[in-house]
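Take a look at the structure below.
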Amino acid sequence: MSDLSIEKGLLESEDIYKALFEGTAEGILVADIETKEFLFANPAMCKMLGYTEEELLQKSVLDIHQKNDLKCAISEFESQARGEKTLSSSRPCLRKNGTTLYADINTTNVLINGRGCNVGFFTDITERKKIEEELLLKNKVFESSLSANSTSKVDGIINHANAAFVEIWGYDSLEEVVGHPIPYFFVNPDDALPILESLNKTGKWEGNYLAKRKDGSTFIAQSLASVIKDEKGKLIGYHSSVIDITERKQMEEALRKSEASLANAQRISHLGNWDWDIVNNKLKFSEEIYHILGMETQEFGDTNEDFLKFVHPDDELFVQDNINKAIYEHKPYSIDYRLLLLDGSECTVHEEAEVTFNETGQAIRMFGTMQDITIRKQVEDAMFNAKLAAEAANKSKAEFIANMTHELSTPLNAVIGFSEMLLLGTFGTLNDKQTKYANNINSSGKHLLDVINDILDLSKIEAGKMELHINEFFVSDAIDEVEALMIPIASQKNIDLTCNIDIETPIIKADTIKFKQILYNLVSNAIKFTEQGGFVTIGGKISEDFVHIYVKDSGIGISPEDQDKLFTSFFQADSSSTREYGGTGLSLALIKKFVEMHGGEVWVESEVGKGSTFGFSIPTNLESTSF
């Protein structure tokens, strides 16, 4: 071969290599192994890094690698300098504008004009790297999501699921899930068919279905499903994201039942609630308030002024004043007022409300309840009127009794006086028969006068006209006086009357007459209801603060059912027409009234056939008062 042919061949070979060097899409970069400076760069490499060829040849290996990767890059470069022929790696490079170029790099050592050089071939994988990172991120989201994520092939067979899916459906591993068709996880497999139809038609589906766990238990699944397509738009599978909303549905159902129960309670009690957004002047009513107003929801506006139109004109200022106090003075209110309904009728409501304020003290909301109390108000008014009528009738009765007792006691005193004059022989000596009749007239007259006085006392107490006349007295003197009066009466029935009272405070402040009348009536009753040869004991204790006195007898006793009625006016334990014991049933009623006027109380203990004990307690130092 001639020299000319060899030279021509070399030129042609050089042209080929030049065309390959400049025309390839792969970046080629040649660096001096010793200095690490760039010697050659093809156009593709310049484009990848954003430099002109002239600019790039002013750089070195150190300039195109990021700081955090520089140490590794230099290590690989130096290992080749020590004789390692080729290396392959994927690493980030630094562009002129500071952005990152991800590249697959294959390097080899060559001798160029006697110099050791490193030739690097760079493939731009930036877009691929970006896609890989996005896929990695999506996969992390898929796997770490609290939602149960799964994918399936076009045939509906699940090929992947995350940990949440395995847990929510109650399986032990992913292997137990993969390979099953989508309907396998439904309580009713047929429910999956319309979902797949919707996915194939619209590309997505959202809704709830009843799912079945591994152990057969069920839960309500809320699902968002979509189709998966390749880069050409071809359907390749399905994706589903599910959360268990069983607890939420149960809470919603409980809330619905609670709201229904509240609505029923409000309907039954005619009690509604309202909420006024003061800032925006929006007023919301519960259903029952519309019932109270006798109207439908759409018939009513939504401002406070719309409601105030229903307030009775005579009550409008009163209602507005309470609203203002709640807003400006922070005073919740509880008021009754009237409403004028659409049909012209009135109703009375009871309303309670309070205001909530923001951090600056501005009123922002008012909450309240409203109850229809029309019927209750009518009943209260009727009761009040009945009370007034009863009080008027009672006053008339008291006045009548006072007049009648006066009219009766005047002639009765005359009868008693004349009978006593006859017994004294003022009009001449009486024979035995006349004396007997005169005694009967005198004792009967006195008894009737006592009854009249008891009735008068009772009517005075009921009319509030009975007064206590408080004075200091020796309590032993009062007790001795009553005992002295009762001894002759007890002796007639051979009853042993004794007195045993522990007196620590000899002087008390009370109404002396009423004190003696209380004790007299108790002892008199005890003697009356005690058989021949029995006993009656006056006992008790007078301490610094209280007088405690009881009267105990061995009489006939009182049944438990009668004990609660004993202190009622005109009550008789033996009310038959042939009753053995006399009396009007007023003495115990008067005792109770007199004791209560002193700020005390009465009590009784008794057993039929075994006697009774009546007692009372009053303060030892009572100030003057009236009843």
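The values are calculated or read from the model by the stated rules, or taken from the named source; none is laboratory data. What you see is a predicted model, and the numbers here were worked out from it, not measured in a lab. Using ideal geometry, Cβ is built from the backbone for each residue, glycine included, and neighbour counts are taken over all protein chains shown. Quick note on the areas: whole protein, heavy atoms, side chains included, nothing else; ligands and nucleic acids left out. Shrake-Rupley method; radii C 1.70, N 1.55, O 1.52, S 1.80 Å.
Checked against a 25 Å cut-off, the cross-linked pairs Lys67/Lys96; Lys257/Lys282; Lys331/Lys387; Lys528/Lys610; Lys395/Lys592 give Cα-Cα distances beyond that limit for Lys257/Lys282; Lys331/Lys387. With R₀ set to 25 Å, the beta-carbon distance separating Asn358 from Glu296 gives a calculated FRET efficiency near 0.15.
Between Lys214 and Trp603, the contour length at 0.36 nm per residue exceeds the Cα-Cα span by 132.5 nm. Measuring with a 1.4 angstrom probe and ignoring ligands and nucleic acids, Tyr171 comes out at about 30 Å² accessible. Taking a sphere under 14 Å around the Cβ of Phe367 and counting the other residues whose Cβ falls inside, with K and R at +1 and D and E at -1, yields a net charge of -2.
If R0 is 41 Å, the Cβ-Cβ spacing of Glu472 and Thr426 corresponds to a FRET efficiency of close to 0.50. Take each peptide in 591-603, 477-489, 512-524, count the other Cβ atoms within 10 Å of every residue, and average; sorted highest first, the result is 512-524, 591-603, 477-489.
The heavy atoms of Cys347 present about 10 square angstrom of accessible area, all protein chains included, probe 1.4 Å.
Computed from the Cβ-Cβ distance with R0 of 22 Å, the FRET efficiency linking Ser198 to Glu231 stands at 0.35. Loop-located GluC sites (Glu not before Pro) in region 302-382 (DSSP state other than H, G, I, E, B) with a sparse environment of at most 16 neighbouring Cβ atoms within 10 Å: Glu329, Glu359.
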